[in-house]
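Okay, so here's the structure we're looking at.
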Amino acid sequence: MKLAKLGDGPEIFHTIQGEGVSVGAPAVFVRASRCNLHCVWCDTDHTWNFEGTPWPHEKDAVPGYVKHRKADVMLEIDPADAAARVMAFPCQRTVITGGEPLLQEQAFLEMIGHIRERQPEHQFEVETNATRVPSPAFHEAVNQFNVSPKLANAGMPESLRLNAEVLGFFANSSKSWFKFVVAEPGDLAEIEDLRRSHGIPVSRILLMPEGRTSSELDKSAAWLADVCRERGYRFCDRLHIRLWGDRRGV
Ligand code: SF4
């Protein structure tokens, strides 16, 4: 499996879930390398913005920002090795994130299998951009899908970021929670459209302000919380940004 690299090893670390419906829960994060999207504001661009790719990123405006050398940011390890590293932490919840984990569904299924052999109660969450339907075996193995379809603010054509079959699948799964990153009030019309078109239950939708610092989050948190109260969505902050800023591996 191809994981993001952190220091000399894979990006597997013990932290607190900072987003979504299980926010605050201690969890081991396993970060997949590679993504099939290229959101301009992606805060894990080391998983896909490799040298030689044409994708723009908002960090292009930051002096000194350059695309990543694959060898510096990607590591290939065996799923059994990843499982052993996860089980080294005193924690029974794992968040499989990325990048896009569903690009490596089979490898993660193997990793989950190794962990469940020793820890049958271990809980697995998967963060996905909702562009692929999981296989029945993967859907069965995972406890919770944190589904995050991308809006126009991600800077890609709709044909790339929205897939009706996949959205319909997750809308009908009791394991799904939908999380939308909201950058401005105009994003809300798009979310309403998606909700209506794909039958996503209001009670399963979380709205999260976009931002990589506490002050950026603060700019939209108050009005977004009001929107959630009025329309029945859940408000979701980014706890890890509040606690640790935009640092990797915490
Ligand atoms: S889908 Fe997620 S990991 Fe992929 S580019 Fe967008 S924000 Fe980044």
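Taken residue by residue, the range 47-66 has no member that is touching a Gly at 6+ places or on another chain (Cβ under 8 Å) and away from the ligand (no atom under 14 Å from the Cβ).
Looking across the range 165-180, the residues that are farther than 22 Å from ALA107 by Cα, among the polar types (S, T, N, Q) and in contact (Cβ under 8 Å) with a residue 12 or more places away in the chain come down to ASN172, SER173.
Quick check on the range 169-181. Is at least one of its residues within 16 Å of the chain's Cα centre (by Cα) and part of a helix (DSSP H, G or I)?
Yes: one or more hits.
The sole residue among LEU160, LEU207, LEU217 that is closer than 19 Å to CYS42 by Cβ and not in a helix (DSSP H, G or I) is LEU207. The residues of the range 67-89 that are among the β-branched types (Val, Ile, Thr) and within 16 Å of the ligand (Cβ to nearest atom) amount to a single one, VAL73. Only residues that are open to solvent by 20 Å² or more (accessible area, probe 1.4 Å), in contact with a Pro (Cβ under 7 Å, 6 or more places away or on another chain) and within 16 Å of the ligand (Cβ to nearest atom): list them for the range 90-126, please. Of everything in the range 90-126, just one residue is open to solvent by 20 Å² or more (accessible area, probe 1.4 Å), in contact with a Pro (Cβ under 7 Å, 6 or more places away or on another chain) and within 16 Å of the ligand (Cβ to nearest atom), namely GLU105. When residues in the range 122-164 are screened for being under 15 Å from MET111 (Cβ atoms) and among the β-branched types (Val, Ile, Thr), 2 of them pass.
Here is the figure for the range 130-167: residues that are open to solvent by less than 20 Å² (accessible area, probe 1.4 Å) and among the small types (Gly, Ala, Ser) total 4. Among residues of the range 1-46 being within 16 Å of the ligand (Cβ to nearest atom) and of a type in the set (Val, Ile, Thr), the one that is farthest from VAL73 (Cα to Cα) is VAL40. Of all residues in the range 18-69 being in contact (Cβ under 8 Å) with a residue 24 or more places away in the chain and among the basic types (Lys, Arg), which is surrounded by the fewest Cβ atoms within 10 Å (Cβ to Cβ)? Within the range 18-69, the match that is surrounded by the fewest Cβ atoms within 10 Å (Cβ to Cβ) is ARG34.
Checked against (1) open to solvent by 40 Å² or more (accessible area, probe 1.4 Å); (2) in a helix (DSSP H, G or I), GLU192 passes all but condition (1).
The values are calculated or read from the model by the stated rules, or taken from the named source; none is laboratory data. These numbers were taken from a predicted model, which means no experiment stands behind them. So basically every Cβ, Gly included, is an ideal-geometry build from the backbone, and we count neighbours across all protein chains shown. We work out accessible area using only protein heavy atoms, side chains counted, and drop any ligands, DNA or RNA first. Shrake-Rupley method; radii C 1.70, N 1.55, O 1.52, S 1.80 Å.
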